[in-house]
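The values are calculated or read from the model by the stated rules, or taken from the named source; none is laboratory data. Owing to the predicted nature of the structure, the values given are computational and were not obtained by experimental measurement. Cβ atoms come from the backbone with ideal geometry, glycine included; neighbour counts cover every protein chain shown.
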Amino acid sequence: MAEATGNQESKDYGIGIPVDNPVYKLKGSNNYDWGMKDRLSRVFNPKSGRTVMLAFDHGYIMGPTSGLERIDITISPLLEYADCLMCTRGVLRACIPPTYNKAISLRCSAGSTVLTELNDECVGVEIEDAIRLNTSMMAVMVAIGSKFEALTVRNLCKMIETGNRYGIPTLGVTAVGKELTRDARYLGLATRVLAENGAQVIKTYFCEEKFEQVTAGCPVPIVIAGGKKLPELDALKMAYKAVDQGALGVDMGRNIFQAENPVAMIQAVKAVVHDGEKPDKAFKLYNDIKSDRKSKDKSADLPQGNI
Ligand code: R5P
């Protein structure tokens, strides 16, 4: 307990120095409460204002997706390079050691799988469990333009209500679906609807034409999903164009964990997102890390010690 007597007299009040009142710079986020901003600062690197989210929640609709059969083997080496991990609570508890200290974007909607009709979902995680898992963001799929539109918008609103109560941001995820066209008109509408309903961050897809209109029309940060596996250079080009046109990062899965060398790929993506590296240079970085790792693997095969 502080002593009542014998303390140094207070004297340094900084008289004449105005109190600094910094603006919270993340797009659309300045008016949130402290806890919400703190969580968003764990997701979006405060220096670059961007994020590399590593997505490996695919199993919740696709089962053991290629590259995710053994998360302990394939995903663990990537964790240190990500700002935020996008996964389900099942995999988080079972496969991710709680020692990485990374932001968690928890997949909170659940429902149909690829075996039936996608996007028939509910809110599958209660806020208490999200808090128990020290979640920085809660992800909900929303299928604008599909027959599950109203149902999934209700899920989003429910999650936002509970998230706001506890200062946890909600990530609105624009759904995939065969019938949904991924052009700027659709993506612009879908992302705006999610933001208008209060989602603090939106995940969507990149489109080659007019993507800057999608980001401009959305008042909160957009991150892009990678989608199906592309050649590495093409994936880096997509990430570059997306951030260049206003996305504040990526929430990328298959284009990282299905890459020929995932550890090299996540570092190349990071260089694009955080350092604004051009795709060709980032691809060179990818190849350099890849060959460096190959030669290290080879030297591990040689007999050790004095020879
Ligand atoms: C899909 O089930 C998930 O929402 C993924 O997190 C999302 O699609 C991002 O992963 P990818 O880059 O593989 O598309």
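General observations
- Residue ranges of helices (runs of 4 or more DSSP H) in the range 1-88 with at least 1 members in contact with a helix residue (DSSP H, G or I) (Cβ under 6 Å, 6 or more places away or on another chain): 71-74
- When the test is whether a residue is surrounded by 14 or more Cβ atoms within 10 Å (Cβ to Cβ), of a type in the set (A, V, I, L, M, F, W, C) and touching a Lys or Arg at 6+ places or on another chain (Cβ under 7 Å), L106 passes it.
- Pick from the range 118-145, criterion within 15 Å of the ligand (Cβ to nearest atom) and over 21 Å from the mean Cα position of the chain (by Cα), ranking: surrounded by the fewest Cβ atoms within 10 Å (Cβ to Cβ): D120
- In the set (1) touching a Gly at 6+ places or on another chain (Cβ under 9 Å); (2) aliphatic (A, V, I, L, M); (3) more than 16 Å from the ligand (Cβ to nearest atom); (4) not in a loop (DSSP other than H, G, I, E, B), I168 fails one condition alone, (4).
- Residue that is nearest to the ligand (Cβ to nearest atom), among those in the range 226-237 that are surrounded by fewer than 22 Cβ atoms within 10 Å (Cβ to Cβ) and either free of Cβ contacts under 8 Å to residues at least 12 places away in the same chain or within 18 Å of the chain's Cα centre (by Cα) (or both): G227
- Looking only at the range 238-267, and only at residues there that are closer than 17 Å to D292 by Cα and within 15 Å of the ligand (Cβ to nearest atom), the one that is surrounded by the fewest Cβ atoms within 10 Å (Cβ to Cβ): P262
- Qualifying positions in the range 246-259 - free of Cβ contacts under 8 Å to residues at least 60 places away in the same chain and more than 15 Å from A282 (Cβ to Cβ): G246, A247
- The lone exception for L92 - which of (1) of a type in the set (A, V, I, L, M); (2) in a helix (DSSP H, G or I); (3) away from the ligand (no atom under 14 Å from the Cβ) it fails: (3)
- A103 falls short of the stated requirement of being at pLDDT below 95 and of a type in the set (A, V, I, L, M).
- Qualifying residue in the range 150-165 (condition: outside any helix (DSSP H, G or I) and hydrophobic (A, V, I, L, M, F, W, C)): no
- Looking only at the range 119-150, and only at residues there that are at positive phi and in contact with a helix residue (DSSP H, G or I) (Cβ under 9 Å, 6 or more places away or on another chain), the one that is modelled with the lowest pLDDT: N119
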